[in-house]
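One structure below.
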Amino acid sequence: MCVGAAQLFVVGHDAGHRSFSKNKLVEDIVGTLMFMPLIYPFEPWRIKHNHHHAHTNKCALACQWPSSCSMVNGGLSGCRS
Ligand SMILES: [Zn+2]
């Protein structure tokens, strides 16, 4: 079951990066269909995930692993080295 979920996610991930088709509507339909069995909304994930990729290693903006980020004054300041 986990392998099937991972396969759905990989196709949905490609659709989220607009690398599955040249047609955005097809990307949205495929992404939504792939994420539906995962019980996860495609469009909010796509927006957040692309923000994450645009700000890789900028923990204060897109921290995916909070334990790897340093805290300053109660807020995230950056990645630990
Ligand atoms: Zn990605």
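Of note:
- Each residue of segment 6-14 is assigned a 3J(HN,Hα), and the resulting list reads 5, 5, 4, 5, 4, 5, x, 4, 4 Hz, derived from the Karplus form 6.51 cos²θ - 1.76 cosθ + 1.60 (θ = phi - 60°), x at Gly and Pro.
- Protection proxy ranking, highest mean first, for peptides 1-11, 44-54, 23-33: 23-33, 44-54, 1-11, where packing is the per-residue count of other beta-carbon atoms within 10 Å, averaged.
- Distance distribution P(r), segment 2-56, all Cα-Cα pairs, bin width 10 angstrom from 0: 27, 55, 17 percent.
- 27 Å Cα-Cα reach of residue 58 towards lysines, excluding residues that sit fewer than 8 places from it in its own chain: 48
- Segment residue 39-residue 1, extension gain: residue separation times 0.36 nm, minus the distance between their alpha carbons: 12.3 nm
Bear in mind these aren't lab numbers, they're just calculated from the coordinates by the rules spelled out. The model shown is predicted, which means the values in this text are computed figures rather than measured ones. So basically every Cβ, Gly included, is an ideal-geometry build from the backbone, and we count neighbours across all protein chains shown.
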